[in-house]
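Heads up: the structure comes next, in structure tokens.
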Amino acid sequence: CMNYMLPVSYAWGNFSVLAVGIWAIVQRDSLDAITMFLTGLLLTVLTDIIHISIFYPARDFLSDAKRFSIGMAIFSLLLKPVSCYLVYRMYRERGGQ
């Protein structure tokens, strides 16, 4: 649903963090995997804010598909702090300081 509004770097950044997240869940004893996942989530919060603010379309060119696409991107951005908190709790459970 990205509707080619956001650049390819938005998709690559989020999908690569998703892949690291899957690796962190599968490797239950790895502290490095969960650290990389938490760092990636924090980094994508910053890059998502930059992508959305730069590539937000003008009001005249906002179709329903673009409105839905940007809404889902903003919703994803709003859920990332919750995800960061849950991943941080996993980090603490695995022995992080």
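The values are calculated or read from the model by the stated rules, or taken from the named source; none is laboratory data. No experiment lies behind these values; they were computed from the predicted model shown. When we count neighbours, we look across all protein chains shown, and the Cβ atoms used for this are built from the backbone with ideal geometry, even at glycine.
For Tyr4, all conditions in the list (1) touching a Leu at 6+ places or on another chain (Cβ under 8 Å); (2) on the phi > 0 side of the Ramachandran plot hold save one; what is the number of the exception?
Of everything listed in (1) touching a Leu at 6+ places or on another chain (Cβ under 8 Å); (2) on the phi > 0 side of the Ramachandran plot, Tyr4 misses just condition (1).
Say we look at region 50-97 and pick out the residues that are in a loop (DSSP other than H, G, I, E, B) and small (Gly, Ala, Ser); which of these is surrounded by the fewest Cβ atoms within 10 Å (Cβ to Cβ)?
That would be Ala58.
Of the conditions (1) among the aromatic types (Phe, Trp, Tyr); (2) under 30 Å from Asp64 (Cβ atoms); (3) touching a helix residue (DSSP H, G or I) at 6+ places or on another chain (Cβ under 9 Å), Phe15 clears all except one; give me its number.
Failed condition: (3).
Residue by residue, here is whether (1) in a helix (DSSP H, G or I); (2) at pLDDT 90 or above; (3) among the basic types (Lys, Arg) holds:
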{"position": "Met5", "(1), (2), (3)": "no, no, no"}
{"position": "Phe15", "(1), (2), (3)": "yes, yes, no"}
{"position": "Leu18", "(1), (2), (3)": "yes, yes, no"}
{"position": "Ile25", "(1), (2), (3)": "yes, yes, no"}
{"position": "Arg28", "(1), (2), (3)": "no, no, yes"}
{"position": "Ile34", "(1), (2), (3)": "yes, yes, no"}
{"position": "Gly40", "(1), (2), (3)": "yes, yes, no"}
{"position": "Val45", "(1), (2), (3)": "yes, yes, no"}
{"position": "Asp48", "(1), (2), (3)": "yes, yes, no"}
